[in-house]
Each structure stands twice: as C-alpha cells, then as structure tokens.
C-alpha cells in the first residue's frame, strides 16, 4: 500500500508551480526564432526561388566541386540548419564542402500551373548552370533530401553530364512497399478531383496528414514533455524552433502535386521507368555517377525499403548506402547524426 505524504505532496506541487511560472517567463523571453542559423548570401533569384551560398567561418580548403542541396517542396529547408550545434549544412562545411541550397519559397495562386518539368528542368537546371558557371566546372555535386531527393534522381537521370556525384537522404524510390503508410492512405483519393477543386494544396492540410501518422507521439507526448524543459531557456528555444519548422508548411503548386501523387505514390512509376517529365522518360539506369544513399532505420515517412530499392535500379558501379538508427527528422537534428552523417558525406565526396 502506498502512503501519501502530505508534506511531500505540498513540496512537489510548490516545485511544479514554480517551474510553470519560470516557464511562462522563459516563453516570453524566447524572442524571435530565425529560419536557419548559418550566414549565407543569395546569389540567384527567380520567381519565389532563392539560391543560397553558405559562408564558412574558417579559411580551410574547400572541395572544388560545389554541393547543391535540393530540399522537398513540402517543408522549409532550414531543417538542415535548425540550430548552431545541430546543423547538417554547418557539418558539411566543416567537412570540406562548398554548400549551396535552393529555397523554394512559398507557392501562391500564380504558381498553381507549375509542373514537375518546371521545377526540375527549369528551376533546378538553371541553379545547376549558375553553379557550373560560377565555379568553372562541368559537373556539380547534388544532395537531394526527401522529395528533393526524388527530384534529384529525376534530374540526374535527365542531365547526367552535369552531376558528378549524387547524394540522396531519406529519399523514396519504391512508393509501394508494404510498410508505406502514406502510400496506403493516398491510394483511393481522387487526386484530380482534389486538385481541380482546391487548386494549390494547403500546406496545413498536408501537415495535419503527416502529424496524424503518429498522433500520440507528434501531437500529445511531445507537449507533455515540454513540462520537463520549462525551466531551461535554451531547451525551450530549441523546442520552439522545431515547432516553428513543423508548422511552416508551404502550399503545394497544384499541377506538381497532381503529378507527384498520381505518378509516384499511386502508380509507382519511378521504379517502373514510366515517369515522364517534359519530353523525357525517367530511367534510373541512366544514373551512372557515384551515388551515396542515406536512410533512417526508423523512418515512418520513407521506410528503409522504399529508399534501399534504389540500388537495384541504378547503372552506377559506385553505389554506397548508409543507414542511420533514427527517423525522418532525427537524421538531421540528433547529436549522433551530427557526429556521423555530415562527416560521412564530406569524406565520400572528397574522395571523388
């Protein structure tokens, strides 16, 4: 039988109330939370797009081949640069890379007719050409993240003469693996009706969908956990940084969303070699450049099998996989990931 100690209960309640009071004060003092922490210049702009070049705080020799990061359209790319000691971008720079990144901005009604061809053979290709000219090289290194990795696969298949090395992170290739919950959910949705009715697809709608995949962990448990960090200003600010990123979800250009969901999620055309972008049919066997594929072992958005399917499709003789014992976001923000993933990428690229 458990005996309740009134004095102990009173002390515990008093301590909790003190933590709550301090927590509200700390919340007020959090201040402005930026979108990324590493200094950068905008070297090219087109429509909503901005091409960033990140500034190194050292004079160490950089890889002479620039590295272009292509992020997904669904969320904002500062996840790769979320805080000072947990920045994939900073880690890549510390490991010898000259880093550039495409910031897609926020799609609006003027963008609803943009197609995958516009994004890949248009925006990405022009950014690649900017870097080729800027550095005086024929080929650049390309790093694609999530949907941006799928875009990078398509781009590299169509323009292999411009890509020296290809890195993909948490990138879906086989969209019909049995454990792909997102794919199962979308199979019976009439995408044409959705797009024709809504136009651009709300970022809030998609964000709600992603959160509902793990409702207890992503919408309940984490907020209970805030009680444990209310008295730590630094931990609280980091939590708020992550919250800002989660709910900073751009709307999706209607026609690109239509093709991506129908061709990739519903019909699994990428792995079948049936995706058509512009005048090109995407053949992953055209990927003959060195490829590094990185995936999360606990990724619920891009299950490992969805990513590792790449190795059986490409034409490269230089293919390597790295698995990380974490999830879709942990691969960028966990301390363990920061110690392993950027150094692995940097070393791999520098050898090539």
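Considering only residues of segment 334-352 that are part of a loop (DSSP other than H, G, I, E, B) and in contact (Cβ under 8 Å) with a residue 40 or more places away in the chain, which is surrounded by the most Cβ atoms within 10 Å (Cβ to Cβ)? Of everything passing the filter in segment 334-352, 334 is surrounded by the most Cβ atoms within 10 Å (Cβ to Cβ).
Could we say that residue 331 is within 18 Å of the chain's Cα centre (by Cα) and assigned to a helix (DSSP H, G or I) here? Yes, satisfied. Filtered by the rule that a residue be under 13 Å from residue 157 (Cα atoms) and buried (at least 18 other Cβ atoms within 10 Å of the Cβ), segment 252-285 gives 270, 271, 275, 277, 282, 284.
Among the strands (runs of 3 or more DSSP E) confined to segment 29-136, the ones with at least 3 residues that are touching a residue at least 40 places away in the same chain (Cβ under 8 Å) and more than 24 Å from residue 301 (Cβ to Cβ) are located at 40-46, 49-54. Only one of the numbered conditions (1) under 24 Å from the mean Cα position of the chain (by Cα); (2) modelled with pLDDT of 90 or more is not met by residue 83, and that is (2).
Checking every residue in segment 52-69 against the condition of being under 14 Å from the mean Cα position of the chain (by Cα) and buried (at least 18 other Cβ atoms within 10 Å of the Cβ) gives at least one match. Put simply, of 150, 177, 171 the only residue that is under 18 Å from the mean Cα position of the chain (by Cα), in a loop (DSSP other than H, G, I, E, B) and under 24 Å from residue 305 (Cα atoms) is 171.
Residue 300 is checked against (1) under 22 Å from the mean Cα position of the chain (by Cα); (2) buried (at least 19 other Cβ atoms within 10 Å of the Cβ); (3) closer than 30 Å to residue 255 by Cβ and fails just one. What number does that condition carry? In the conditions (1) under 22 Å from the mean Cα position of the chain (by Cα); (2) buried (at least 19 other Cβ atoms within 10 Å of the Cβ); (3) closer than 30 Å to residue 255 by Cβ, residue 300 misses (2) alone. With the structure loaded, tell me whether residue 162 is buried (at least 18 other Cβ atoms within 10 Å of the Cβ) and free of Cβ contacts under 8 Å to residues at least 40 places away in the same chain or whether it fails that test. Yes: the conditions hold for residue 162.
Among residues of segment 297-307 being free of Cβ contacts under 8 Å to residues at least 60 places away in the same chain and in contact with a strand residue (DSSP E or B) (Cβ under 7 Å, 6 or more places away or on another chain), the one that is farthest from residue 150 (Cα to Cα) is 297. If you go through segment 120-138 and pick out every residue that is crowded, with 17+ Cβ neighbours inside 10 Å and over 15 Å from residue 282 (Cα atoms), you end up with 7.
Reported count of residues in segment 308-328, each being surrounded by 15 or more Cβ atoms within 10 Å (Cβ to Cβ), outside any strand (DSSP E or B) and in contact with a strand residue (DSSP E or B) (Cβ under 9 Å, 6 or more places away or on another chain), is 7.
The values are calculated or read from the model by the stated rules, or taken from the named source; none is laboratory data. Since the structure is predicted, the reported quantities are computational estimates derived from the model, not experimental observations. We place every Cβ from the backbone using ideal geometry, glycine too, and count neighbours over all the protein chains shown.
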